Amino acid sequence: MTTKDESIMIILSSPSGAGKTTIAKKIQQKYLNFKISVSHTTRKPRPNEVHGIDYFFVSKNEFQKKIENNEFYEYAKIFDNYYGTSKKMVLDLIKNKKNVLFDIDWQGTKKLSKFKELNLIKIFILPPSKKELEKRLTQRNQDRKESVNKRLKSYANDIVHWEDYDYIITNEDLENCFRQIEKIIETSIKPVKLN
Ligand code: 5GP
């Protein structure tokens, strides 16, 4: 895809509800050169979600066609829906010299890690506890009870994959969690050469 000297690529993964989406948005606001790789999904949009910004919402048929046309670097079935990282989306960001943020799960992380030429920094965000996660998922109030339960059930299975990541950060306090991510980003960005 690219060489190691070019774009930085940060993967943010976490059990659903640990605050990853908010963090990804904060990174984009502070570091204007970072752009989120907007995934495709067959999940229905939540009330505040916008097509093309949060996800590209597509039907199962459209998703299947994209798989057949080899349009994804990786895709996974999560909570009964499909999610995939589009090659075009990532290549366009690289072409425009952007740093890329991926909000993907551990399955996608494993698959992207196989592209050795990528400059990947893999960050796993944990909620302070399962109880706190349940509170956040319930407060988010955007998913039906059944969907919240599915997300809680997969928690134990999700967190065993922390081993595949470079950094593990607990999101007890959003500002503190973000400060740790800022440090990671600032040590990874190379100073601009003046010549
Ligand atoms: P949600 O439905 O809450 O937006 O996302 C559910 C899970 O899917 C999250 O863990 C999110 O990181 C993951 N996800 C979103 N897009 C992708 C993708 O393109 N590939 C993979 N593997 N996971 C994704």
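Go through region 10-46 and report how many residues are of a type in the set (G, A, S), out of contact with any Pro (no Cβ under 8 Å at 6 or more places or on another chain) and near the ligand (Cβ under 8 Å from one of its atoms).
Looking only at that region, the number is 4.
Could you grab me the full set of residues in region 47-74 that are of a type in the set (A, V, I, L, M, F, W, C), open to solvent by 40 Å² or more (accessible area, probe 1.4 Å) and either more than 12 Å from the ligand (Cβ to nearest atom) or assigned to a loop (DSSP other than H, G, I, E, B) (or both)?
V50, I53, I67
Just a yes or no: is a residue in region 75-96 within 8 Å of the ligand (Cβ to nearest atom), over 24 Å from D166 (Cβ atoms), out of contact with any Cys (no Cβ under 7 Å at 6 or more places or on another chain) and open to solvent by 40 Å² or more (accessible area, probe 1.4 Å)?
Yes, region 75-96 has at least one match.
The values are calculated or read from the model by the stated rules, or taken from the named source; none is laboratory data. Given the structure is predicted, the values throughout are model-derived calculations rather than measurements. Backbone-built Cβ (ideal geometry, glycine too); neighbour counts: all protein chains shown. We work out accessible area using only protein heavy atoms, side chains counted, and drop any ligands, DNA or RNA first. Shrake-Rupley method; radii C 1.70, N 1.55, O 1.52, S 1.80 Å.
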